[in-house]
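The values are calculated or read from the model by the stated rules, or taken from the named source; none is laboratory data. Treat the numbers as computed from the prediction; the structure is a model and nothing was measured. As a convention, Cβ positions derive from the backbone with ideal geometry for all residues, glycine included, and neighbour counts pool all protein chains shown.
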Amino acid sequence: MTPEKLDRIEALLSERFADLPKERLSDIVIVHVTPQQLVATMTRLRDDPDLNFTQMIDLAGVHYPERAQPFEVVYQLLSVHKNHRLRVKVALAEDQPVPSVIPVWSCADWFEREAYDLFGILFTGHPDLRRILNDYDFDGHPLRKDFPVTGRYEVRFDETLGRLVREPVVLERAFREPYRHTL
């Protein structure tokens, strides 16, 4: 977006949401909200005719294990009629739920399920919060930074038992050996 358009969006947001922290990058404005402010803020961003963010394009989870609030939910919003974008961020503590935005944008359904499945982020008020990509018995959330690279369990077919067997991963040698070039 052009700097003039960013100036206009930033001015509108400062007027309508004076109490919310804002951040401006070279190409987008970011609004930071708490979980308690989320649904009301999103509804107002959608319904305000000057802002008119009628589409939620994306929702993503992010994990920063070194922070006091290690999770963020990042929403990407689009105003088709005004031709501008906005990013909304919500910081969360471990196991702190965030309200679902499905009442505002129904397309948030699968995005929220994906964030739950891959990061363990809980969404209150979600009508069907269950795993979407991993098996129900999968242990953990694979996009967290502290999730082991090899996983915790291995599933293999055991010929002698004639069935699938689930075992803890055991690495008997170093995961990577140094490259040795021989001529």
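Structure above, values below:
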| quantity | calculated |
| --- | --- |
| Residue within segment 97-115 that is among the basic types (Lys, Arg) and modelled with pLDDT under 95 present | no |
| Residue in segment 54-67 that is aromatic (Phe, Trp, Tyr) and farther than 26 Å from Leu143 by Cα present | no |
| Where a residue in segment 21-34 is acidic (Asp, Glu) and its partner, wherever it lies, is exposed (fewer than 12 other Cβ atoms within 10 Å of the Cβ), with Cβ under 9 Å and at least six apart | none |
| Any hit, segment 58-67, residues being farther than 23 Å from Phe111 by Cβ, touching a residue at least 12 places away in the same chain (Cβ under 8 Å) and of a type in the set (D, E, K, R) | no |
| Where a residue in segment 35-49 is over 12 Å from Tyr75 (Cα atoms) and touching a residue at least 12 places away in the same chain (Cβ under 8 Å) and its partner, wherever it lies, is surrounded by fewer than 16 Cβ atoms within 10 Å (Cβ to Cβ) and hydroxyl-bearing (Ser, Thr, Tyr), with Cβ under 9 Å and at least six apart | Pro35/Thr124; Arg46/Thr54 |
| Pair list, Cβ under 8 Å, 6 or more apart: segment 160-177 residue aromatic (Phe, Trp, Tyr), other residue surrounded by fewer than 10 Cβ atoms within 10 Å (Cβ to Cβ) and modelled with pLDDT of 65 or more | Phe175/Val149 |
| Test: Asp128 is in a helix (DSSP H, G or I), out of contact with any strand residue (DSSP E or B) (no Cβ under 8 Å at 6 or more places or on another chain) and at pLDDT 85 or above | no |
| Only one of His141, His81 that is within 30 Å of Val169 (Cα to Cα) and modelled with pLDDT under 95 | His141 |
